[in-house]
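Asks: Provided herewith is a single structure, encoded as structure tokens, for subsequent inquiry.
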Amino acid sequence: MNIAIVSGNLGGSAKTSIFSNGNTKYAFSLATSGGYTDAKGEWVDQTEWHTVETIVSAKATEKLHNYYKNGLVKGAKVSVKGMNRTSKWKDEQGVDVYKRFISVEYSDGGKIEINSTNAMQEQTVESAVDNVPF
């Protein structure tokens, strides 16, 4: 089973890409924190960065797009449930390049929840995607 669940803060606002079919990709970096106790018994903070991507259908409501545009901003607290993915391609020199990311796919139970004090952003993505044809 391939499930990734992370919660953290956005390192910057989501980047958007619009495809020729009208679908929109939202991509962002999410920082999670933790740490460990070293050999001297001292706590060492450790931050991990995760790349998260989701593609929203051109048929999705404006409400969903606004949810992402207004909520996926630098510093926002976000919880994500998705799947680990790896993309592979060749660079200009013909060398294999790999990109690991968390893919949020609603058809597979994925979700993005923006946790903010702003009332508009407190809704979960499920309420924003009610009856949306994907």
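Asks: Search segment 27-46 for residues being among the aromatic types (Phe, Trp, Tyr) and open to solvent by 30 Å² or more (accessible area, probe 1.4 Å), and hand back the single one that is nearest to Lys59 (Cα to Cα).
Replies: Tyr36
Asks: Among the residues that make up segment 86-106, is at least one of them aromatic (Phe, Trp, Tyr), in contact with a strand residue (DSSP E or B) (Cβ under 8 Å, 6 or more places away or on another chain), assigned to a loop (DSSP other than H, G, I, E, B) and surrounded by fewer than 12 Cβ atoms within 10 Å (Cβ to Cβ)?
Replies: no
Asks: Being touching a residue at least 40 places away in the same chain (Cβ under 8 Å) and either in a helix (DSSP H, G or I) or of a type in the set (D, E, K, R) (or both) is the requirement here; does Asn70 meet it?
Replies: yes
Asks: Go through segment 3-26 and give me each residue that's without any contact (Cβ under 8 Å) to a residue 40 or more places away in the chain and either open to solvent by less than 70 Å² (accessible area, probe 1.4 Å) or in a loop (DSSP other than H, G, I, E, B) (or both).
Replies: Matches in segment 3-26: Ser17, Phe19, Ser20, Asn21, Gly22, Asn23, Lys25.
Asks: What are the pairs, 6+ residues apart or on separate chains, where a residue within segment 99-117 that is more than 11 Å from Glu53 (Cβ to Cβ) has its Cβ under 9 Å from a residue that is assigned to a helix (DSSP H, G or I) and of a type in the set (A, V, I, L, M, F, W, C)?
Replies: Tyr106/Val125; Lys111/Val125; Glu113/Val125; Ile114/Val125
Asks: Is it true that some residue in segment 31-50 is free of Cβ contacts under 8 Å to residues at least 24 places away in the same chain and within 12 Å of the chain's Cα centre (by Cα)?
Replies: Within segment 31-50 (the criterion being free of Cβ contacts under 8 Å to residues at least 24 places away in the same chain and within 12 Å of the chain's Cα centre (by Cα)), the answer is yes, since at least one residue qualifies.
Asks: Ser33 is checked against (1) in contact with an Asp or Glu (Cβ under 8 Å, 6 or more places away or on another chain); (2) in a loop (DSSP other than H, G, I, E, B) and fails just one. What number does that condition carry?
Replies: That leaves (2) as the condition not met.
Asks: May I ask you to list the residues in segment 53-75 that are open to solvent by less than 20 Å² (accessible area, probe 1.4 Å), touching a Phe, Trp or Tyr at 6+ places or on another chain (Cβ under 9 Å) and among the hydrophobic types (A, V, I, L, M, F, W, C)?
Replies: Val56, Ala60, Leu72
Asks: Could I ask something else about it? Does Ala60 satisfy the criteria of being out of contact with any strand residue (DSSP E or B) (no Cβ under 6 Å at 6 or more places or on another chain), farther than 24 Å from Arg100 by Cβ and modelled with pLDDT under 95?
Replies: On the way: out of contact with any strand residue (DSSP E or B) (no Cβ under 6 Å at 6 or more places or on another chain): yes; farther than 24 Å from Arg100 by Cβ: yes; modelled with pLDDT under 95: yes.
Considered against the rule, which asks whether it is out of contact with any strand residue (DSSP E or B) (no Cβ under 6 Å at 6 or more places or on another chain), farther than 24 Å from Arg100 by Cβ and modelled with pLDDT under 95, Ala60 comes out as yes.
The values are calculated or read from the model by the stated rules, or taken from the named source; none is laboratory data. Worth saying up front: this structure is predicted, and the values here are computed from it rather than measured. As a convention, Cβ positions derive from the backbone with ideal geometry for all residues, glycine included, and neighbour counts pool all protein chains shown. To get the accessible areas, we keep the full protein, side chains included, count just its heavy atoms, and leave off ligands, DNA and RNA. Shrake-Rupley method; radii C 1.70, N 1.55, O 1.52, S 1.80 Å.
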